[in-house]
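Bear in mind that the values in this text are calculations on the coordinates, not laboratory data. Keep in mind it's a predicted model, so treat the numbers as computed, not measured. Here the Cβ positions follow ideal geometry from the backbone for every residue, glycine too, while neighbour counts run over all protein chains shown.
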Amino acid sequence: MLTPFLCALFLLGGAILDTARAAEPPADLPELRLSLRDAIQAATDNNPTVRLFKERILEARGIANTRRGALLPNLSGAVSQSNRTVFLRSFGIAGAGRSAPIDIFDARGSLVQNLFSLSLIQRWRAARTGVEVDELDAEVTTRDTMATVGLLYMEALRAEAAVKASEANVDLNQALLKLAQDRKEAGLAMGLDVTRAQVQLETEKQRLLVAQNERDRAKLNIIRTLGIDFDIRLVLTDELQPVDMEPQTMQEALDVAHEHRTELKAQAQRQKLATLTLSSITSERLPSLAATGDYGMIGTSMEETFNTHSAAVVLSVPVFDGGQREGRIAESRSQVRQEAIRMKDVSDQITLEVRDALLTLASTRQQVLVSQDGIRLALRELELARERFAVGVANNIELTNAQTSVIRARDNVIDALFNLNAARINLARAQGRLETLY
């Protein structure tokens, strides 16, 4: 009954192998060797999201320069040549009608300078604060991207380790199949034992193909996040292994996070921005003072002109605008309160992330120790089952069960090491100290 199933499994394995070979990248692709340090540092240069935030900084600087320009002298010039006909009676000349056409040439420079406007000053200060907010947001995005790349790198290392574990499982099953075949030839085992060993081997070959596909997909995710060319052969130079870290108490970890997390600094600047925006609107109630002047030449033609000038100091006093200003003030005050609420939320979120990362790190350390004991015991169980099968004391069901225990134990070790390294990255991210990863 097992023979048709085994044949189908062989055919399926062959088809999957052919598909995998067809999907393999060409052998002449350039090789890129990448460590965790290299990957994290590269994330700050080519990632599209990071580059977009850098552009936002330039945009904010442009806005700040525009606001500053309203405080600086504004100089303009104009030259005109016109031919006019005027109605003289509009100038108070009784009985006069339309004048003859008059040629007018006017060349003039004009200057406008705001002498005092607290509203404009506060708008400029708010714009400068907006630049600082965007710079801090860009740093937050950069650090988030660095952490993401670090986790993707660990995912790829886990996939690499899974491939190596599957290859070891295939080698083990090949050796056990050879043992079953030898025992059958010696008359000490049944054909069923050989068939079981063959089924187990084909199952592990299929697991190996799945692991290889997951490894290739994990590498593609790294390439996409780094924003580099896909036509490369990516080689990861680090390995998935336990890493020693200095122990920290919960309070020490929280103190470090509140000192280094850029999100807190960015939120503090957002509060300042909202406050300055409110101040700029309320300052619109105050009078503003500006100086204007012009100097130029006017006449009937360019050759016949006279120098003229004007100068004035203008005091503007806001009186009533239909309640628009008060509405904007109420809106801005609400934004100030919203930013204060967000500050509390950001602080609580950072505390949560640090506490969660520390708890996970402590748990994963224990998981690594337990998984290492588990693989050692599973290999011992396999050795004993192999000896019992070799001397004919047991059939290969015991051996198959021991193989399954080894496979599960290897997977547990890989998962525990990945969880430990992921917790290490998450703690570094939660404390704003990703540079400690390398």
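Laid out as a table, the results:
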{"quantity": "Net dipole in debye of the chain [+1 Lys, Arg Cβ; -1 Asp, Glu Cβ; about Cα centre; nearest 20]", "calculated": "1280"}
{"quantity": "Estimated inter-spin distance, Asn213 and Ser283, nm [label 7 Å along Cα→Cβ]", "calculated": "6.4"}
{"quantity": "Cα long-axis angle, helix 36-46 against the chain (0 to 90 degrees, to the nearest 10)", "calculated": "30"}
{"quantity": "Estimated FRET transfer efficiency (Gln181, Leu384; beta-carbon r; R0 25 Å; 0.05)", "calculated": "0.75"}
{"quantity": "Options Ala423, Gly69, Thr282, ranked by Cα towards positive dipole end of the chain, top entry (Cβ charges)", "calculated": "Thr282"}
{"quantity": "Label assignment, P(r) over Cα pairs in 10 Å bins from 0, in percent derived from the structure, set (1) 4, 21, 31, 25, 14, 5, 1, 0; (2) 4, 13, 16, 15, 13, 10, 8, 7, 5, 4, 3, 1, 1, 0; (3) 4, 10, 11, 11, 10, 8, 8, 7, 6, 6, 5, 4, 3, 2, 2, 1, 1, 0, 0, 0, 0, 0", "calculated": "(2)"}
{"quantity": "Spacing of the two label points (7 Å from each Cα toward its C-beta) at Val243 and Ala311, in nm", "calculated": "6.9"}
{"quantity": "Fewest-first ranking of Val313, Val199, using other Cβ atoms within 10 Å as the exposure measure", "calculated": "Val313, Val199"}
{"quantity": "Dipole magnitude (debye, nearest 20) for the stretch 376-427, charges at Cβ of Lys, Arg, Asp, Glu", "calculated": "140"}
{"quantity": "Alpha carbon centroid spacing (whole Å) that separates the stretch 71-128 from the stretch 276-334", "calculated": "14"}
{"quantity": "Most to least packed among 134-141, 304-311, 52-59 [average Cβ atoms within 10 Å]", "calculated": "134-141, 52-59, 304-311"}
{"quantity": "Linear extension gain, Arg233 paired with Ser99, 0.36 nm per residue minus alpha-carbon span", "calculated": "39.6 nm"}
{"quantity": "Cα-projected label distance for Val86 with Glu55, points at 7 Å along beta-carbon direction, nm", "calculated": "5.3"}
{"quantity": "Amide N proximity, the stretch 115-136 versus Glu435 label position 7 Å along Cα-to-Cβ, cut-off under 19 Å", "calculated": "135-136"}
{"quantity": "Filter on Lys54/Lys219; Lys54/Lys265; Lys272/Lys344; Lys164/Lys219 - keep pairs with C-alpha separation over 24 Å", "calculated": "Lys54/Lys219"}
{"quantity": "Burial order of peptide ranges 410-418, 153-161 (average beta-carbon count within 10 Å, highest first)", "calculated": "153-161, 410-418"}
{"quantity": "Listed residue (Thr145, Ala159, Leu399) projecting farthest to the positive dipole end of the chain, Cβ model", "calculated": "Thr145"}
{"quantity": "Charged-residue dipole, Cβ positions (Lys, Arg, Asp, Glu), the stretch 253-377 about Cα centre, Debye nearest 20", "calculated": "700"}
{"quantity": "Cβ-based charge dipole, the stretch 199-343, positive-most Cα from Thr237, Gly296, Leu315", "calculated": "Leu315"}
